[in-house]
Amino acid sequence: MYKNILNIITFLCLAAVGLSSPVLHKRADQTAISILEAIAPKSKSCSGAPIPDECRTAAQAADFLVKSFQDYKIYSAAEIAAVLSLIALESGEFQYNINHFPGRPGQGTRNMQMPAFNLEYALDVQPDAVRKITTATTVDGLADTQLNAIRDIVTTDDFTWASGAWFYTKKCDAQTKTAVQTQGKAGYAAYLACVGTSSTSEREAYWTRSRTAFGLPTS
């Protein structure tokens, strides 16, 4: 329990105390990076990344991810672990920012959101930019170039790292969130159902690493 509390507080950069203490803030940053590296070992370096421009290290991603959980008021270790496990898998451990396999137009962000969600997310965070592309509120009938332009709005570092927290907050209902907070593997299954997928051995491996990094049980 103590490790769980310590990790969640330090991962969130000691929001109440650490920001006014350079020593504690540095420690929080280091802990956040080590947690991300434990979940996504490849994120220690971008050396040899397939698409270097899209790759980010844990050190580069940490502040953005911490801010995303603060902005969307996600403070449960179990919820943060679940969202991070999804981001780590979908982005190839922070190496990809858009869908290359099979290359679906409009799909991207670090949790590889589908075009419809990217439109909704973009309308939430950058509505004026969206309106320069389309006045539509659905992706029905939009050209690939429009879908990709919308994706480009939300795949900057300022927004792409927050997409996982945005989706969890906006798209998963209260029952799902309670399950994620309290029900371990069953809660994880509920989260994946909210995302629109189901568990695989690969997904579960990321979830297990993420839970372990926060000192949470993995059953």
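The values are calculated or read from the model by the stated rules, or taken from the named source; none is laboratory data. All values derive from a computational prediction rather than experimental measurement. Don't worry about glycine lacking a Cβ; one is built from the backbone with ideal geometry, like all the others, and counts go over all protein chains shown.
When the stretch 170-188 is filtered for residues that are assigned to a helix (DSSP H, G or I), of a type outside the set (Lys, Arg) and crowded, with 16+ Cβ neighbours inside 10 Å, the ones remaining, listed by number, are Thr176, Ala179, Val180, Gly184, Gly187, Tyr188. One residue stands out in the stretch 156-169 among those that are touching a residue at least 24 places away in the same chain (Cβ under 8 Å) and surrounded by fewer than 21 Cβ atoms within 10 Å (Cβ to Cβ): the one that is farthest from Tyr75 (Cα to Cα), namely Asp157. Scanning the stretch 47-59 for residues being in contact (Cβ under 8 Å) with a residue 12 or more places away in the chain and surrounded by fewer than 18 Cβ atoms within 10 Å (Cβ to Cβ) gives a total of 3. Whether a residue is in a helix (DSSP H, G or I) and modelled with pLDDT under 95 was assessed, and Leu86 does not pass this test. Within the stretch 60-101, restricting attention to residues that are in contact with an Asp or Glu (Cβ under 8 Å, 6 or more places away or on another chain) and more than 16 Å from Ile35 (Cα to Cα), which residue is surrounded by the most Cβ atoms within 10 Å (Cβ to Cβ)? It comes out as Asn97.
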